[in-house]
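Report on the following structure.
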Amino acid sequence: MKDEFISKVGVYGQMHYRYLKETKPSTVNVMRMKGTLRQYLEEVNADAEAMLARLETEMAKSEGVIEALKQRDQMEWVARKNNIRARAMEIVQAEVIYV
């Protein structure tokens with residue numbers, strides 16, 4: 001069965017949907033029948049986005065990745081921000097997406 005709305009639930013909602021389809025297809029079918037799948041995936045997407053933003057902000061602050069570093073050494077700032085984003089994304093995937 002094709003869920004038409006999947007492209008509109010955000011990237012994290014789509015990731016969670018794929019995970020559910022592969023690991024818990026009966027859960028997906030029950031949610032389809034109840035009409036709660038879209039709302040659930042939108043909530044997962046919103047939770048993941050909020051958690052990612054919060055983690056990135058906290059990690060950057062605690063590691064000293066601030067605007068002063070960006071002004072002083074832009075390449076170092078980009079490298080550290082990318083590292084922070086990757087680590088935060090791993091946490092979000094482990095705690096929100098793949099559960």
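Among the lysines of the chain, pairs that are 8 or more positions apart or on different chains and have alpha carbons within less than 15 Å of each other number 4.
I need the chymotrypsin sites (Phe, Trp or Tyr not before Pro) found in the chain, filtered to DSSP loop residues with at most 13 other beta carbons within 10 Å of theirs.
Of the chymotrypsin sites (Phe, Trp or Tyr not before Pro), the ones in loops of the chain whose Cβ has at most 13 other Cβ atoms within 10 Å are Tyr98.
Rg over Rh for the stretch 36-79 works out to 1.26, both radii taken from alpha-carbon positions and Rh defined as the Kirkwood radius.
A simple charge model with +1 on the Cβ of Lys and Arg, -1 on the Cβ of Asp and Glu and nothing else charged puts the dipole of the chain at about 280 debye relative to its Cα centre. Normalised size of the stretch 1-46, defined as Cα radius of gyration per 2.2 N^0.38 Å with N residues, equals 1.00. Here the stretch 1-36 and the stretch 44-99 have alpha carbon centers that stand 27 Å from each other. One chain, two ends: Tyr98 and Met51. Fully extended at 0.36 nm per residue, the span grows by 15.5 nm beyond their Cα-Cα distance. In plain terms, if you count all Cα to Cα distances in the chain and split them into 10 Å steps from zero, the share in each step is 15, 38, 23, 16, 8, 1 percent. Per residue, the chain reaches -25000 deg cm²/dmol at 222 nm when only DSSP H runs of four or more residues are counted, each adding -39500 (n - 2.57).
Using the 1.4 Å probe convention, the accessible area of the chain works out to 65 Å² per residue with neighbouring protein chains retained.
Over the chain, what percent of the accessible surface lies on carbon and sulfur atoms, probe 1.4 Å?
The computed percentage sits at 53.
Label-to-label distance, Glu43 versus Glu4, with points set 7 angstrom from Cα along the beta-carbon direction: 2.4 nm. So, R0 is 35 Å and r is the distance between the beta-carbons of Arg72 and Thr23; what FRET efficiency does that work out to, to 0.05? Approximately 0.15, to the nearest 0.05.
Note on Thr57: accessible area approximately 90 square angstrom, rounded to 10, probe 1.4 Å, nucleic acids and ligands left out.
The values are calculated or read from the model by the stated rules, or taken from the named source; none is laboratory data. All of these numbers come straight from a predicted model, not from anything done at the bench. FYI the Cβ positions are ideal-geometry reconstructions off the backbone, even for glycines, and counts take in every protein chain you see. These accessible areas exclude ligands, DNA and RNA; they are computed on the full protein's heavy atoms, side chains included. Shrake-Rupley method; radii C 1.70, N 1.55, O 1.52, S 1.80 Å.
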